[in-house]
1. Would you look at the GNM of the chain, springs on alpha carbons closer than 10 Å, and say which of V178, V57, V85 moves the most?
2. Under 18 Å Cα to Cα from K174, which lysines show up? Leave out anything in the same chain fewer than 8 places away.
3. Rank these by accessible area, largest first, 1.4 Å probe: K2, K39.
4. In the P(r) worked out for segment 71-129, what percent of Cα pairs fall beyond 16 Å?
5. If every alpha-carbon in segment 1-67 counts as one equal scatterer, what log10 I(q)/I(0) does Debye give at q = 0.19 1/Å?
6. Work through the residues other than Y140 whose Cβ is under 12 Å from its Cβ and net out their charges, Lys, Arg +1 and Asp, Glu -1.
7. Order H74, H121, H139, most accessible first, counting only protein heavy atoms with a 1.4 angstrom probe.
8. With viscosity set to 1.002 mPa s and temperature to 20 °C, compute the Stokes-Einstein D of the chain, Rh being the Kirkwood radius across alpha carbon pairs; µm²/s, no decimals.
Amino acid sequence: MKCRVGVLISGGGSNLQALIDASQAADYPANIALVISNKADAYGLTRAQNAGIETLVIPHIDYTSREEFEAAIHAALLSADIDIVCLAGFMRILGDQFVQQWAGKMLNIHPSLLPKYRGLHTHRRAIEAGDSEAGCTVHYVVPELDAGPTILQERVPIQPGDDETSLAARVLEKEHLVYPAALRLVAEKLALQV
Ligand code: GRF
């Protein structure tokens, strides 16, 4: 049985697309079963619909508290029978209760070589620090932001003349490889546990 994956997005969804593409392979251990966006205009919703995947918009602005917003997401994930949650450019910080409900079953992709550069503006910070390489990390989500155990990491060189845009594009290419690979590992591990 393939794991059922719910993907949370806020924007373009190029990582979502990479997960959808990988999941088309017969031997891939996970299916993208639901995509939830907190933004109604996220292009990732169109990507999901084009692939025939169920989508939901749960706007955070409709809720008076983060807890209620997250309870709505949690209920939607449960009713879709989701096994694994992938954050893919989901631009809301999740609270402890939600994170703990998905402990060991929620992944995030972050555009830096964690533990370096948690949070935002990772590429700019890497260039400003004079780093010779950057990269991306898929990690388990824990309550502390971008601090969970690494599942996979990929490195790219920072080239002379790189700016935030050129570096982000080079890192993003690696993200599209590493996220499906990491999800495969987690889905295979969970399948062994049931
Ligand atoms: C990616 O850079 C990802 O690492 C970060 O947000 C961006 C999302 O891009 N968490 P996309 O929506 O997957 O194209």
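1. Taking springs between Cα atoms under 10 Å, the residue moving most is V57.
2. Within the straight-line limit of under 18 Å, K174 reaches these lysines: K116.
3. K39, K2
4. Working: 910 of 1711 pairs.
Value for segment 71-129: 53 percent of Cα pairs lie more than 16 Å apart.
5. Log10 I(q)/I(0), no solvent term: -0.69.
6. 0
7. Solvent-accessible surface, decreasing: H121, H74, H139.
8. After rounding, the answer is 126 µm²/s.
The values are calculated or read from the model by the stated rules, or taken from the named source; none is laboratory data. All values reported here derive from a predicted model rather than from experimental measurement. Cβ sites come from the backbone with ideal geometry, for glycine too, and all protein chains shown count toward neighbours. Only protein heavy atoms, including side chains, enter the accessible area calculation; ligands, DNA and RNA are left aside. Shrake-Rupley method; radii C 1.70, N 1.55, O 1.52, S 1.80 Å.
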